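Each remark here refers to the structure printed beneath this line.
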Amino acid sequence: MSNLAVNLGGLLMKNPVTTASGTFGFGVEFAPFIDLNRLGAIVVKGTTLTPREGNPTPRMAETPAGMLNAIGLQNPGIQGLLEEHLPPLQSINSPVIVNISGNTVEEYGQLAEIIDRTEGIAAIEVNISCPNVKQGGIQFGTVPASAAAVTRSVRENTKKPVIVKLSPNVTDITEMAKAVVDAGADALALINTLLGMAIDIRTRRPVIANVFAGLSGPAVKPVALRMVYQVYKAVSVPLLGMGGISNADDAIEFIMAGATSIAVGTANFTNPRATMDILEGIEAFCLREGVRDISEIIGAVHH
Amino acid sequence: MSNLAVNLGGLLMKNPVTTASGTFGFGVEFAPFIDLNRLGAIVVKGTTLTPREGNPTPRMAETPAGMLNAIGLQNPGIQGLLEEHLPPLQSINSPVIVNISGNTVEEYGQLAEIIDRTEGIAAIEVNISCPNVKQGGIQFGTVPASAAAVTRSVRENTKKPVIVKLSPNVTDITEMAKAVVDAGADALALINTLLGMAIDIRTRRPVIANVFAGLSGPAVKPVALRMVYQVYKAVSVPLLGMGGISNADDAIEFIMAGATSIAVGTANFTNPRATMDILEGIEAFCLREGVRDISEIIGAVHH
Amino acid sequence: MKPLLTKTVVLEQEQIQPGFFRMVLSAPEVAQRAEPGQFVQIRVNNGLDPLLPRPISLHDIDPLKGTITLLYHSAGKGTRILATAVVGQELPLWGPLGKGWKMTEAEEDFLPIYVAGGIGIAPLLPLAAAWSRREEPGILLYGARSAGQVMAVRAFEALGVEVQVATEDGSFGMMGRVTDLLEQSPWGERRPLLYVCGPKPMLKAVHKMAEAKGWACQISLEERMCCGLGACLSCVCKTKAKAAGKAWTHSKVCTDGPVFWSGEVVWDE
Amino acid sequence: MKPLLTKTVVLEQEQIQPGFFRMVLSAPEVAQRAEPGQFVQIRVNNGLDPLLPRPISLHDIDPLKGTITLLYHSAGKGTRILATAVVGQELPLWGPLGKGWKMTEAEEDFLPIYVAGGIGIAPLLPLAAAWSRREEPGILLYGARSAGQVMAVRAFEALGVEVQVATEDGSFGMMGRVTDLLEQSPWGERRPLLYVCGPKPMLKAVHKMAEAKGWACQISLEERMCCGLGACLSCVCKTKAKAAGKAWTHSKVCTDGPVFWSGEVVWDE
Ligand SMILES: Cc1cc2nc3c(=O)[nH]c(=O)nc-3n(C[C@H](O)[C@H](O)[C@H](O)COP(=O)(O)OP(=O)(O)OC[C@H]3O[C@@H](n4cnc5c(N)ncnc54)[C@H](O)[C@@H]3O)c2cc1C
Ligand SMILES: Cc1cc2nc3c(=O)[nH]c(=O)nc-3n(C[C@H](O)[C@H](O)[C@H](O)COP(=O)(O)OP(=O)(O)OC[C@H]3O[C@@H](n4cnc5c(N)ncnc54)[C@H](O)[C@@H]3O)c2cc1C
Ligand SMILES: Cc1cc2nc3c(=O)[nH]c(=O)nc-3n(C[C@H](O)[C@H](O)[C@H](O)COP(=O)(O)O)c2cc1C
Ligand SMILES: Cc1cc2nc3c(=O)[nH]c(=O)nc-3n(C[C@H](O)[C@H](O)[C@H](O)COP(=O)(O)O)c2cc1C
Ligand code: FES
Ligand code: FES
């Protein structure tokens, strides 16, 4: 058996497979299908300071090999998370990562501070890139100085590993990566969704009530993989790669491009066992190819 | 029969359907399958001042609902185009648009000047966004001032309609659009390909010899459509929309998002009759929905 | 009962009306767990096109035979592919999903009234089967555009259900809509419990009538879905908020529903 | 002859060796236009996954019956789907495409030697058929990994072709490679014209031998393709440049080839 354990910026994971925020609920939704204990980590739905009802429907549209979503960060707020959704996860033997979004730089700091003093949360994923929130969201994710400010605000309020999640909707992803690493990020997650839209030609209206929405799924994989490759070259912190990973081969592509860990998102909707199939596929690949430690293939394409 | 004729920044097209540069060769390749005379215009392969052999192979990889290409602007040079490939098109009753790329701002001007004095070329499409050329290419397409400089250089050398083709690999497509419109573009074409990559996990090498490549096809449609929608709001010149258009419904989505004309690219590879099927589908839609003039639905989603 | 992911096998596939299909699948574990009003997420093929599963209600649940039946309209890309599935073909799905029709509170006094619009008939059959096992088969009020969209009537009749049909063009039953059938309150002195499934405008209209007349009423909703598991939050609908000072909150059609008491549902204008 | 886009119908589909399939399609217009060594671009389904067509050579061309035959390896995603196509299914394709084997220059003196590696046997059968119509059936030298990858031998023999097989494990014919068969120059005093199709390393090795020995030689190349029409420039290979001062130029495998005279081909290191 190969060693699959990885260190994602201070977060120890028994294997590189985790879940993409917003696609895996609070974990328990998938308990009927998989053993949550086998996940390298569990990333829960994006959380804000106060509860949010999110956007009106339709919030989702299928696209060729992809999907658009504009959930708009519906969530019970950080207190709701801690009271309702964190306790059931405490019996699970996989670290929990909370994905946070703020309307202001200060809110990010407040969220970080709350999480810092909460047991049972192993790391923070900072969403600076949610395209579905009018206020703030996209701005933080596309301007290096703003992204750095958010990162610093989180960094100053926690000793837990800080993973900053980057938006792909930028001219130069490496510039964003460098800015947040300089501001104290322990690891980077990428990519969030590409901004897209769809039109209903019968009604002549956008399909999604919010007009714009985030594109995810296999369609975006080539873009995500390119960005992981570029960012791996540009910074030295570990990367959490995601964007269209549907099977073990996809996951291994990301690892070879430079991802230390990978997250499964949209694939959870096409196969609720996707995380397990991918984990088992990575194990099989390592066995077959004589990879004794997963670190041998992280960034292999650069060697 | 509805009126499908459109005016793309001074270029009169009998219908909105044209071809995406690089996917339709020099037109005659598709003559066995379709009547070239029925096209609103024909956009030929990207042309440079001197002949180019392009990149090494593999230059192409299939991706989920999309493809990556890194042809690297293989072309016979402007003289080769004029001598070999333009003459056969002269008997065709559809305007020819030549897509140009330069290594320098001056080269763009020189190409424009040559085309300006060539009969049988109706308009110039300025490719400032080819991601597959090391020199210049990507830079022109992602920095507003450079894009404007290229546009001005072309503008100063021709009275023919100038269509500037934008790269989607930017944070804010409207900023690019405004810069080139201010610099004299008569129309904008969008989108060129998204920068992507793929890895062969067996060899642990990039699939494409050039490492990076341009993503096109249905996978990118939601992103392309969003950009057409945004640019329509931002500028007042007509738009040539493209990116993943595979059928008439897709084309109508682009028109409703704000495209005056649309180009068929990757779909030519999945169906050599795609342009005709799309044209006929647009005609059928207009008939069915009582659209008497295509202009009634251009930008309809904004109304 | 917990849902599960399983590879089913197509046992029967039949076009019962133009564009409407009835498909029997071998899915013993799903059949054992399922309740009326629940649905499954079915993959129409093994590829990436279409990417997402399609939510389809259980039209018949046979735990003894180990089969489930789907009744579906080949409406778009995915269901059109589903309609090409042949006997023996494997189709992955997960389920049973969601909260189905509620029967406990209604047990004693109520007379079940199934109110169906078009393909909305699908999830009502297993409910009628459950009621008929309680020897209270009830009444089906069924509205459709025309005779070509009327389905499963004999299956209801076989359960002892009284069937009344209205079609808009009068080609089957009376000419009119399901609300016209409801106007006649065909349940006499009994207290009706409406179980409603159909297109949104019909749901709204029936809901309005039920409120005005004080009829007990459950409504099965539809929304676009990804996971069907309550994880993605694609499928929300507005429901009355319990917290003070809020008019509504977002519930998940896939796990809080698809069936809601009409009093819970808040319609968008 | 100009290619055309057509909807073909599967008439036969047979697994002839593990992972290798022979498929007969009804495609009268293609059969009438096609020449040995040409190929078609076939769509394996009607959806977006996979997106692109797959280039497959014509293994048999029957203008009288109006059929074409493909011999293919279910190597990856697309060809695996192709292998699930059933009799009666429609498959769109366009063709015939490319420049096939050249026969004119060779007519008089040469003895045709078909040199095949593995699935490279596919486009050589119609060539042998054409030669045998000229009453010069020739010799097939066929290399494969093992007996499980040897195909179509009887079809060649039926044409009167002399068949010599080498397998790497010796499970069929002699143990060795196709180059070992070539070493023995089994054509005696006649001038050989090699027609070569197979994996790249084998093509290179045969090319090298042919050059060293002065044998006339044509090579069929493969490259990843989109259009098959010379429009996209995906499929280029290096060929000797005609212009002075240049070692090579890019030719299109799809329209300048797939068959080239060995003297034209420039290999990458
Ligand atoms: C809980 C539930 C139970 C259902 N039960 C049945 C049933 O028993 N029989 C039946 O015929 N139909 C049923 N439907 C509707 C069915 O899911 C849609 O008709 C189907 O998803 C359409 O897919 P398509 O590929 O044919 O259409 P497309 O137009 O190609 O679908 C595109 C996208 O929109 C979604 N979508 C389109 N229409 C609907 C819709 N009405 N509801 C939800 N999502 C939609 C699809 O899932 C897909 O993601 C049910 C829906 C839900 C939510
Ligand atoms: C002119 C020509 C004639 C051919 N004739 C035959 C034949 O008669 N029988 C046969 O079995 N095979 C033939 N091939 C090879 C066949 O096209 C590939 O095996 C097939 O495309 C692989 O597709 P896939 O979906 O199974 O594999 P995937 O790995 O899923 O393919 C992914 C992509 O790579 C391309 N690709 C992969 N392998 C090759 C290859 N060897 N050549 C070209 N493109 C490739 C595919 O077209 C596709 O775009 C021919 C190829 C060419 C160029
Ligand atoms: C329905 C849905 C909801 C999402 N919600 C969030 C979120 O709350 N926070 C976040 O950072 N990313 C969110 N994302 C983005 C994913 O975490 C992930 O970055 C993206 O989907 C790309 O991965 P994939 O292609 O594997 O899905 C969401 C994605 C989807 C599809
Ligand atoms: C094989 C290939 C070659 C291309 N060559 C060019 C080119 O020479 N110049 C250019 O401006 N765009 C080029 N493009 C981009 C297309 O013109 C188009 O912008 C892009 O493919 C998006 O459209 P589509 O998704 O319909 O293909 C090329 C695209 C492909 C697939
Ligand atoms: S479909 Fe995912 S939450 Fe309901
Ligand atoms: S495959 Fe397009 S040029 Fe050869």
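Taken together, the values in this text are just the output of simple stated rules run on the coordinates, not laboratory data. Bear in mind the structure is a predicted one, so any value in this text is a computation, not a measurement. As a convention, Cβ positions derive from the backbone with ideal geometry for all residues, glycine included, and neighbour counts pool all protein chains shown.
One table, with the values for the structure above:
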{"quantity": "Residues whose placed amide H lies under 5 Å from that of A:Met242, excluding near-sequence neighbours", "calculated": "A:Leu190, A:Ile191, A:Ala263"}
{"quantity": "Position A:Asp249, label points 7 Å along Cα→Cβ, spacing to each other copy in nm (shortest first, one decimal)", "calculated": "2.8"}
{"quantity": "Phi to ³J(HN,Hα) by Karplus 6.51 cos²θ - 1.76 cosθ + 1.60 over the stretch C:120-137, Hz, x for Gly, Pro", "calculated": "x, 4, 3, x, 7, 4, x, 5, 4, 4, 5, 5, 6, 5, 8, 6, 9, x"}
{"quantity": "B:Val143 versus B:Arg273: modelled label distance in nm, points set 7 Å from Cα along the beta carbon direction", "calculated": "4.8"}
{"quantity": "Cβ nearest the rotation axis (D onto C), residue from chain D and distance to the nearest whole Å", "calculated": "D:Asp49, 2"}
{"quantity": "Candidates C:Glu35, C:Glu135, C:Glu157, ranked by Gaussian network fluctuation over chain C, Cα under 10 Å, top entry", "calculated": "C:Glu135"}
{"quantity": "Among C:Gln218, C:Gln15, C:Gln41: highest mean-square fluctuation, GNM of chain C, C-alpha pairs under 10 Å", "calculated": "C:Gln15"}
{"quantity": "Per-residue average of Cβ from other chains inside 10 Å of C:232-240", "calculated": "6"}
{"quantity": "Copy-to-copy label separations for B:Arg273, where each label sits 7 Å from Cα toward Cβ, in nm and ascending", "calculated": "4.3"}
{"quantity": "Inter-part distance where the stretch A:79-129 and the stretch B:242-256 are each reduced to a Cα centre, Å", "calculated": "42"}
{"quantity": "Ascending list, in nanometres, of distances separating the D:Trp261 label from those of the other copies (7 Å, Cα toward Cβ)", "calculated": "8.9"}
{"quantity": "Two-decimal Rg/Rh across the protein assembly as shown, once Rg and the Kirkwood Rh are taken from alpha-carbon atoms", "calculated": "0.99"}
{"quantity": "Order by protection proxy (mean Cβ within 10 Å, highest first), peptides D:236-246, A:221-231", "calculated": "A:221-231, D:236-246"}
{"quantity": "Where N is the number of residues in the stretch A:18-71, Cα Rg divided by 2.2 N^0.38 Å", "calculated": "1.34"}
{"quantity": "Long-range amide H partners of C:Leu140 with built H, under 5 Å", "calculated": "C:Tyr114, C:Glu162, C:Val163, C:Gln164"}
{"quantity": "Chain B: most fluctuating residue of B:Asp200, B:Asp277, B:Asp293 per GNM, C-alpha cutoff 10 Å", "calculated": "B:Asp200"}
{"quantity": "Average beta-carbon neighbours from other chains, 10 Å sphere, peptide C:248-257", "calculated": "2"}
{"quantity": "Spin-label zone in the stretch A:24-49 - amide nitrogen under 20 Å from a point set 7 Å from the Cα of A:Glu119 along the C-beta vector", "calculated": "A:42"}
{"quantity": "Residue mean of other protein chain beta carbons inside 10 Å, B:212-218", "calculated": "4"}
{"quantity": "Trypsin sites (Lys or Arg not before Pro) within the stretch B:252-303: DSSP coil, no more than 13 neighbouring Cβ in 10 Å", "calculated": "B:Arg292"}
{"quantity": "Long-range tail of P(r) for the stretch B:145-243 (Cα pairs > 15 Å, %)", "calculated": "63"}
{"quantity": "Mean residue ellipticity (222 nm) of chain B, computed from DSSP H runs ≥ 4 via -39,500 (n - 2.57), nearest 500", "calculated": "-8500 deg cm²/dmol"}
{"quantity": "Part-to-part distance (alpha-carbon centres) for the stretch A:155-175 and the stretch C:4-82, which is given in Å", "calculated": "43"}
{"quantity": "Using θ = phi - 60° and Karplus 6.51 cos²θ - 1.76 cosθ + 1.60, couplings along the stretch A:141-149 (whole Hz; Gly, Pro as x)", "calculated": "x, 10, 10, x, 5, 5, 4, 5, 4"}
{"quantity": "Phi to ³J(HN,Hα) by Karplus 6.51 cos²θ - 1.76 cosθ + 1.60 over the stretch B:45-51, Hz, x for Gly, Pro", "calculated": "3, x, 10, 10, 5, 10, x"}
{"quantity": "Placed amide H near A:Val43: partners under 5 Å, 5+ positions off or other chain", "calculated": "A:Thr19, A:Ile97"}
{"quantity": "Summed residue charge, Cβ within 14 Å of A:Leu279's Cβ, Lys/Arg positive, Asp/Glu negative", "calculated": "-3"}
{"quantity": "Protection proxy ranking of C:126-133, C:47-54, A:39-46, B:117-124 - average other beta-carbon atoms within 10 Å, highest first", "calculated": "A:39-46, C:47-54, C:126-133, B:117-124"}
